[in-house]
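Everything on this sheet refers to the single structure shown next.
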Amino acid sequence: MTGAIRLEPVDEKNLEPLLSVAVAEAEPADVMPPVAAPAGWSHARREAFREFHRASFGGLEAPNRTAMYAIQAGGEVVGMIRMSRRDEPDAVEVGMWLGRSARGQGIGSAALRELLNLAAAAGMRSVVADTDPENRGALSALAKCGATLREDGDRVRAEISLD
């Protein structure tokens, strides 16, 4: 892993660097919900990426109940990690993506540990994730951070207790 890992709330100053990493090093389906737009990183899809992230500028207390953070490694934006309130009290769901060049270096685990600290500071007691069994990077990061992993059909559910 190169340099220190920091999480910064996604805002207007880091949104364009985040989009640049997504366009250069990720597929749209890996970094945002599906949208009706031409394939690839079309203008419409880039605008949808911006709006998707701007909807979370208010954090956990905003209407969409999601806090998104730009992951910085060595002072550069390399991906995004988020936590979203769930219906259960004191629980959040985590999601993350990294640009291809940042994968396999321990950045995901370090970012997840930082997010767990933020979740605990926000009063959360449980963090969950839902991923594909083929997503080895996510499964590795979750396991390194103490998640209990349970296969559920074609998905893997992870849970981390913050108690």
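The values are calculated or read from the model by the stated rules, or taken from the named source; none is laboratory data. Keep in mind that this is a model prediction, so the values were computed, not measured. Cβ placement follows ideal geometry from the backbone for every residue including glycine, while neighbour counts extend to all protein chains displayed. These accessible areas exclude ligands, DNA and RNA; they are computed on the full protein's heavy atoms, side chains included. Shrake-Rupley method; radii C 1.70, N 1.55, O 1.52, S 1.80 Å.
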Would you please list the contacts, defined by Cβ atoms under 6 Å and residues six or more apart or on different chains, that run from a residue in segment 122-140 that is more than 14 Å from S109 (Cβ to Cβ) and open to solvent by 50 Å² or more (accessible area, probe 1.4 Å) to a residue that is assigned to a loop (DSSP other than H, G, I, E, B) and not aliphatic (A, V, I, L, M)?
R125/D90; R125/D163
Can you pull out every residue in segment 130-139 that is in contact with a helix residue (DSSP H, G or I) (Cβ under 7 Å, 6 or more places away or on another chain) and polar (S, T, N, Q)?
T131
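A quick yes/no check of all residues on (1) at pLDDT 95 or above; (2) among the small types (G, A, S):
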{"site": "R50", "(1), (2)": "yes, no"}
{"site": "G58", "(1), (2)": "no, yes"}
{"site": "A67", "(1), (2)": "yes, yes"}
{"site": "G74", "(1), (2)": "no, yes"}
{"site": "R85", "(1), (2)": "yes, no"}
{"site": "G99", "(1), (2)": "yes, yes"}
{"site": "Q105", "(1), (2)": "no, no"}
{"site": "A120", "(1), (2)": "yes, yes"}
Test result for A29, of a type in the set (A, V, I, L, M, F, W, C) and touching a residue at least 12 places away in the same chain (Cβ under 8 Å)
no
Scanning for something outside any strand (DSSP E or B), open to solvent by less than 60 Å² (accessible area, probe 1.4 Å) and within 18 Å of D11 (Cβ to Cβ), does segment 71-83 turn up at least one residue?
yes
Does segment 22-56 hold any residues that are open to solvent by 20 Å² or more (accessible area, probe 1.4 Å), among the hydrophobic types (A, V, I, L, M, F, W, C) and either in contact with a strand residue (DSSP E or B) (Cβ under 8 Å, 6 or more places away or on another chain) or not in a loop (DSSP other than H, G, I, E, B) (or both), and which are they?
V23, A24, A29, A44, A48, F52, A55
From the list P38, P33, which residue is more than 15 Å from the chain's Cα centre (by Cα), on the phi < 0 side of the Ramachandran plot and at pLDDT below 95?
P38
